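Worksheet: the structure to be examined is printed underneath.
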Amino acid sequence: MPAYYPLEEGLRWQYDIHVMTMDGPQRKKYLVSNLPPVQYGGQPLNVRASADGRRMYYRVEPAGVVRIGESAPDSPPQLYTTPRLVFPARTDTHVTWTDTEFTVTLEHTGPPEHSLNRITVPVVLQYRIEATDVEITVPAGTFRNCVRIRGVGTTSKNVGFYVGHTNIRVENTEWYAPGVGLVKAVREETTTSTVLPRGSYELALTAFTRD
């Protein structure tokens, strides 16, 4: 289990992210690294930090690797009410779980006054392990025996005056390599709104190093 979501200190990942919104394509870089474990509230926590200083806190439970909180730069951890499973202990293809995620690509700059219209709502995704022997090539190389996970969720919301009521669907597919972790992710977000009908992003590993 930890082999697909490694938490040991000194691991570093660099990703390219290609985002497509109704305003067009954007390209970003994402850097993340594992820091030394910390003690908080009487429990040891594994720590993963992004380049902007945000930190995520994890522990390994019987169900798998769970994220139990996060923190902004120079702030103490804020623990979740309910830990979020990020990778299950078992990698059988029938294993399923749920997670609540927010939409991130449904945005468009337009009237009034050239303002940013954005749909940011929670969606419960039902995740399932689809395959455990996938080969995938990304800029960092070719990875074999990867686990492919797919999550799908829908919701129906009144999201504001310029969009109104709309149905939202999110589909997220992720590939995890043994000993490395996440190597690729593809996310599609669609709605029944003509104002913000779709958005997507693709994340791909460009470098993986160990201190």
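No lab work stands behind these numbers, since they all come straight from the coordinates. Since we're looking at a predicted model, the values are computed, not measured. Methodologically, a virtual Cβ is constructed for each residue, glycine included, from the backbone with ideal geometry; neighbour enumeration extends over all protein chains shown.
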Quiz item: Could you put W175, W97 in order, starting from the residue whose Cβ has the fewest other Cβ atoms within 10 Å?
Solution: W97, W175
Exercise. Return P(r) of the range 1-82 (all Cα-Cα pairs; 5 Å bins starting at 0; whole %; ordered from short to long distances).
Key: 3, 13, 21, 22, 17, 12, 7, 4, 1, 0
Quiz item: For L7, L35, what's the fewest-to-most ordering of other Cβ within 10 Å of each Cβ?
Solution: L35, L7
Quiz item: Per-residue HN-Hα couplings for the range 194-211, Karplus 6.51 cos²θ - 1.76 cosθ + 1.60 at θ = phi - 60°, whole Hz, x for Gly and Pro?
Solution: 7, 7, 10, x, 6, x, 7, 8, 10, 10, 9, 6, 10, 7, 9, 9, 10, 5
Exercise. Within 10 Å of each residue's Cβ, count the other Cβ atoms and sort Y176, Y127 from fewest upward.
Key: Y127, Y176
Quiz prompt | Kirkwood hydrodynamic radius (C-alpha pairs) into Stokes-Einstein, the chain, 25 °C and 0.890 mPa s, D in µm²/s | solution = 133 µm²/s
